[in-house]
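One structure is given here, and the rest of the page talks about it.
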Amino acid sequence: MLGRYVLKEVLVPYLVGVLLFVALLTFDLLSSLSGVLLSRGAGAEAIAQLVLLRLPWTLSLALPLGLVFAILVGLARLIRGSELKAAYAAGVPPLALLRPIVLLALLVSLVNLFNLAELRPRALEAYDAHLMRLLYGEGALSGVMRKQLYAPPGLGTYYAEEVRPEVGQNRLHGLRVVDERGRVYSGTEGVWDGEGWHFRGHVLEGGKMKPFQGTLPFPAQFRPKESLGSRDPYDSTTLAELWERGKVERAARFALSRRLADALGGLFLGWVAAALGLSFREAAWAFLSIVLLIFGYYVLWTLSAQLARYDVNPLLAFLPNAFYGLLALFLTWRLR
């Protein structure tokens, strides 16, 4: 009963918090694009479509951040009304109030996982196409990727001057492959499908150049693409495609871990916020904690991305969650 009462106090601020963060992030988007869109004569309908397509990206941040805001604001109101103090005096253990909030945080993380896995990348791809049409007219987004380099484990190095995504396959131009035995393959054109790279060209083996026609094994099939609307080049790639790209791209492995870590962030942020809020005796501490929790998570999130540049283990993407998970366990132990 008390758990449902606490959730009721959290859900209304949560809605307000999500709307607040959505509004702030949308205003930031419009302010950054306003000059360009006005110079191109973009109408209200086109701008509204941009905002709508950007909404899943905005929600991927607003859902966990709004949860921190809601939990601490809701618990602050209970502290000001001495309701938490009365509950503790009546023998209600803090862990009984913590449990429903943690379950709410878990639900938010699962919703955000689906958003990050499917909705956000597909919406960003549509956002990129719409933005390019506004800026450069119809047909401006070619989808052609240039100078693509892949290093499948145990298979050598694969390089293409151009990759043109097509239905069910990718068209390759200017191929170069160095396999694990040091043989060098080259070809003008080829096709990349589920079996591998098919092309006709030459192979240099033992200092001798020989004609070649056949298939070289390639363990992954996906549509190479980058996001124009985000600094992360993998943002418009779904989770399943990231898994495939991770087989041949080292950076994609970190992006995959980062995507999963971002989804779990809501759980650990909400857990820490709830454990902190239930341990406070003064409401003023709650508002300071909102800033500190969000800022601290952002610092660790940025640090893990910087470490990824030095070819460290992609599991370091979970650094913020590991720290906040340990903090949550410590604060929960103190609530006993």
Give all pairs with beta carbons closer than 6 Å in which a residue from segment 7-34 that is in the same structural domain as Leu95 (by TED's automatic domain parsing) meets a residue that is aliphatic (A, V, I, L, M) and surrounded by fewer than 18 Cβ atoms within 10 Å (Cβ to Cβ); count only pairs at least 6 apart in sequence or on separate chains. Thr26/Val51
Among the residues of segment 68-85, write down those that are farther than 17 Å from Leu106 by Cα, assigned to a helix (DSSP H, G or I) and not acidic (Asp, Glu). Val73, Gly74, Leu75, Ala76, Arg77, Leu78, Ile79, Arg80, Leu84, Lys85
Can Leu303 be described as crowded, with 17+ Cβ neighbours inside 10 Å and hydrophobic (A, V, I, L, M, F, W, C)? no
Could you list, in sequence order, the residues of segment 308-336 that are over 13 Å from Ala275 (Cα atoms) and either modelled with pLDDT of 90 or more or surrounded by 16 or more Cβ atoms within 10 Å (Cβ to Cβ) (or both)? Ala308, Pro314, Leu316, Ala317, Phe318, Leu319, Pro320, Asn321, Ala322, Phe323
Inside segment 77-101, can you point out the residues that are under 21 Å from Trp285 (Cβ atoms) and within 31 Å of the chain's Cα centre (by Cα)? Leu97, Leu98, Ile101
Of the numbered conditions (1) in the same structural domain as Leu72 (by TED's automatic domain parsing); (2) more than 18 Å from Ser60 (Cα to Cα); (3) surrounded by fewer than 14 Cβ atoms within 10 Å (Cβ to Cβ), Gly214 satisfies every one except a single condition; which is it? (1)
If you scan segment 45-70, which residues turn out to be closer than 18 Å to Leu97 by Cβ and touching a Pro at 6+ places or on another chain (Cβ under 8 Å)? Ala70
Considering each of Leu110, Leu65 in turn, give the residue that is in a helix (DSSP H, G or I) and surrounded by 15 or more Cβ atoms within 10 Å (Cβ to Cβ). Leu65
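The values are calculated or read from the model by the stated rules, or taken from the named source; none is laboratory data. None of the values given here were measured: they were computed from a predicted structure. For neighbour counting, all protein chains shown are included, and Cβ atoms are generated from backbone atoms with ideal geometry for every residue, glycine included.
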